[in-house]
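As structure tokens, the structure follows; a few thoughts come after it.
Derivation of every value follows stated rules applied to the coordinates shown; laboratory data play no part. Note that the structure is predicted; figures quoted are calculated from it, not measured. In this analysis, Cβ positions are derived from the backbone assuming ideal geometry, glycine residues included, and neighbour counts consider all displayed protein chains.
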2 protein chains.
Amino acid sequence: MPTFVDRLIEQAALKSSWAVVGLDPQVELLPPSLLESAYGEYGHTLEAGAHAASEFCQRIIDVVAPHVVAVKFQSACFERLGWRGVKVCAELVRHAQEQGLLVILDGKRGDVGFTAQAYAEGYLGEVEVGGVPQSPWGADAVTVNPYLGWDSIQPFVEVAKEYDKGVFVLVKTSNLSSGQVQDLVAEGRQVYAHLAELVSAWAEELMGLHGYSSLGAVVAATFPRDAARIRALMPHCYFLVPGYGAQGGTAQDVMPSFNPDGTGAIINSGRNIIYAYYRPPYAEEFGPERWEEAVEAAVIAMNDEINAALAERFGRPGSIRPQKPDLL
Amino acid sequence: MPTFVDRLIEQAALKSSWAVVGLDPQVELLPPSLLESAYGEYGHTLEAGAHAASEFCQRIIDVVAPHVVAVKFQSACFERLGWRGVKVCAELVRHAQEQGLLVILDGKRGDVGFTAQAYAEGYLGEVEVGGVPQSPWGADAVTVNPYLGWDSIQPFVEVAKEYDKGVFVLVKTSNLSSGQVQDLVAEGRQVYAHLAELVSAWAEELMGLHGYSSLGAVVAATFPRDAARIRALMPHCYFLVPGYGAQGGTAQDVMPSFNPDGTGAIINSGRNIIYAYYRPPYAEEFGPERWEEAVEAAVIAMNDEINAALAERFGRPGSIRPQKPDLL
């Protein structure tokens, strides 16, 4: 099987899309028709919430599959509904893959080696039960938190290597107080810059065929100057860029996450896509009854915005890196 | 209801125990009798693994409940078994509480505010479904990762305040490479020291009656000198101390995590307790058939070791902090 990053790059080029749809289902925001049907069947219970979230995400996956390369499951939104939500998440991972999407499980796990190994096997690899290998999750990639250092990342890298999976390490996050730790300056550069250098070195372990590693980085759209610095520090790492849309990042803000040849990043948008039926212009045009059409229109608009910005900035959409990027 | 930290302190004093048993079930290490029965019923499947883990942890909880104040669920070990493992974890949380134990869910979550809110509501608080509040997890406390700064911690603090729950923030972890990020020196002190100061300030939000906050810190036993520095920086934070036992920390190594009056820490031991039947002297004395007796003997020995070290160092076991600690 091709490596994760090669599958990602090839799929993105085929679909001309560098967008990822974030699946962050919140019960209270789901389309009223879905909620009414779930409440009718299961009452006002966690089971009803999990069922409505399942139906919602399944239909979003079907709608967006032709347009984007990957979906990103926000694990918190499923865990919030208890084990029933987690079960729904596991089922949706398979469904998304059946629709040809890559699945990024966004749990931001980080723990000591023994425990990181358990997460890595569970989410990306296989677990032996009585000598028989089982695949509990089968995600294509996960996000991880680097506060514990290399031995908390290494098990993910090893499992990713064995199973052709991907790992995105948090380097610079999109939230306002991300700087409290990440921007502290040690030995002349920010903690995030130290991390960028570390991750860039670790990434050598997972290099693919198109000049990128399956060990990527999470670098927020909300701090474009930091993103530009980080991009220069880790040219071979693919970026997963949060913060676009609902968190305020624009297509211009995500441009610094691409390399000078216009490749190297996928952009996540969650709430602005999946709840498009609540915001202009989609609320007026479609309304909650035609919510799937609103989702599709929003994801097409996002692709267009990013492709237009890429064309303006780099002269071409961010497709496969040519063999000799220095000739560009 | 009393605050989390007051319940913790009062229960620990009643039981004369500052030990926490870490529930880290690994299928391949479970007692053969449990595995055979699960494989017989469910084959070599994740369902069999989850059932065996459930039976194992349930019986450990029953054995250790009279001896310790809390159990700490290592979320990874349950997630590794897929949604069935997560379901088992949720059921065991209730079972442990019915046996009078406090439950710490060790998931080390950390995410942007909106997402942190989902984790906090799910694990510690309540989730509204159609206006009806539900309690998906009902844990007493969680562990969280501070790499994203205050707005990733604040939702946990707010939910903890509303529901009298606890939060332990990673400050210094037990693994070898923890220093890669945590020991970087910024503005004259380590990242972990910055975190200690930040968490100590945030802790004011959750002060209990016995001089401690329900916002505590995870500070490893494996770096006693760092622990001593951190202890001085955050006198009002209760410490959850990992790294004792299987990871190499001794009773002497955990002493710096207590305040000068001998209060302020709970010590976690996982594998050395729950798999005691595999190690001397318990393997010889009990063997895998009498594994529950081995677990009980190991937890009693751990209490004795810590209480002896506390008596030697502070002249008394680490009970409730007196009203005027400065008179000691």
Seminar exercise, completed: Checked against (1) more than 14 Å from chain B (Cβ to nearest Cβ); (2) within 15 Å of the chain's Cα centre (by Cα); (3) not in a helix (DSSP H, G or I), A:Ala12 satisfies every condition except (3)
Exercise. Where in the stretch B:141-250 are there strands (runs of 3 or more DSSP E), lying wholly inside it, with at least 2 residues that are touching a helix residue (DSSP H, G or I) at 6+ places or on another chain (Cβ under 7 Å) and hydroxyl-bearing (Ser, Thr, Tyr)?
Worked result: B:213-219
Exercise. Which helices (runs of 4 or more DSSP H) does the stretch A:56-129 wholly contain that include 1 or more residues that are surrounded by fewer than 23 Cβ atoms within 10 Å (Cβ to Cβ) and free of Cβ contacts under 8 Å to residues at least 40 places away in the same chain?
Worked result: A:82-98, A:113-123
Problem set entry | Extreme residue, surrounded by the most Cβ atoms within 10 Å (Cβ to Cβ), among residues of the stretch A:251-278 that are of a type in the set (Phe, Trp, Tyr) and part of a helix (DSSP H, G or I) | A:Tyr277
Problem set entry | Any hit, the stretch A:80-91, residues being in contact with a Cys (Cβ under 9 Å, 6 or more places away or on another chain) and either away from chain B (no Cβ under 14 Å) or among the aromatic types (Phe, Trp, Tyr) (or both) | yes
Exercise. Of all residues in the stretch B:156-198, which are aromatic (Phe, Trp, Tyr), crowded, with 22+ Cβ neighbours inside 10 Å and touching an Asp or Glu at 6+ places or on another chain (Cβ under 9 Å)?
Worked result: B:Phe168, B:Tyr192
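Which one is nearest to B:Leu101 (Cα to Cα), of the residues in the stretch B:130-140 that are of a type outside the set (A, V, I, L, M) and assigned to a strand (DSSP E or B)?
First pass over the stretch B:130-140, keeping only residues of a type outside the set (A, V, I, L, M): B:130-131, B:133-138, B:140.
Now narrow it down to the ones that are assigned to a strand (DSSP E or B): B:133-134.
Values: B:Pro133: 24, B:Gln134: 22 Å.
Filtering first and then ranking leaves B:Gln134.
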For this session: Please state which of the following conditions B:Phe286 fails to meet, knowing it meets all the rest: (1) in contact (Cβ under 8 Å) with a residue 40 or more places away in the chain; (2) surrounded by 19 or more Cβ atoms within 10 Å (Cβ to Cβ).
Result: (1)
Exercise. Counting only residues that are touching a helix residue (DSSP H, G or I) at 6+ places or on another chain (Cβ under 6 Å) and facing another protein chain (nearest Cβ under 7 Å), how many does the stretch A:124-140 have?
Worked result: 6
Problem set entry | Search result, residues across the stretch A:143-154 that are more than 7 Å from every other protein chain (Cβ to nearest Cβ) and surrounded by 24 or more Cβ atoms within 10 Å (Cβ to Cβ) | A:Thr143, A:Val144, A:Ile153
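Rundown of residues vs (1) within 25 Å of A:Gln11 (Cβ to Cβ); (2) under 15 Å from the mean Cα position of the chain (by Cα); (3) at the interface with another protein chain (Cβ under 8 Å from one of its Cβ atoms), yes/no style:
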site: A:Cys77; (1), (2), (3): yes, yes, yes
site: A:Gln97; (1), (2), (3): yes, yes, no
site: A:Gln117; (1), (2), (3): no, no, no
site: A:Gly122; (1), (2), (3): yes, no, yes
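Filter the stretch B:170-185 down to residues that are of a type in the set (A, V, I, L, M, F, W, C) and at the interface with chain A (Cβ under 7 Å from one of its Cβ atoms) and give me whichever is farthest from B:Val218 (Cα to Cα).
The extreme case among them is B:Val185.
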For this session: Just give me the residues in the stretch A:40-55 being in a helix (DSSP H, G or I) and either of a type outside the set (Phe, Trp, Tyr) or crowded, with 21+ Cβ neighbours inside 10 Å (or both), in sequence order.
Result: A:Gly40, A:Glu41, A:Leu46, A:Glu47, A:Ala48, A:Gly49, A:Ala50, A:His51, A:Ala52, A:Ala53, A:Ser54, A:Glu55
Exercise. Out of the stretch B:228-264, which residues are touching a Pro at 6+ places or on another chain (Cβ under 9 Å), within 20 Å of B:Ala141 (Cβ to Cβ) and hydrophobic (A, V, I, L, M, F, W, C)?
Worked result: B:Ile230, B:Val254
For this session: Could you check, for the stretch B:17-26, whether at least one of its residues is surrounded by fewer than 21 Cβ atoms within 10 Å (Cβ to Cβ), away from chain A (no Cβ under 14 Å), closer than 18 Å to B:Asp140 by Cβ and in contact (Cβ under 8 Å) with a residue 40 or more places away in the chain?
Result: no
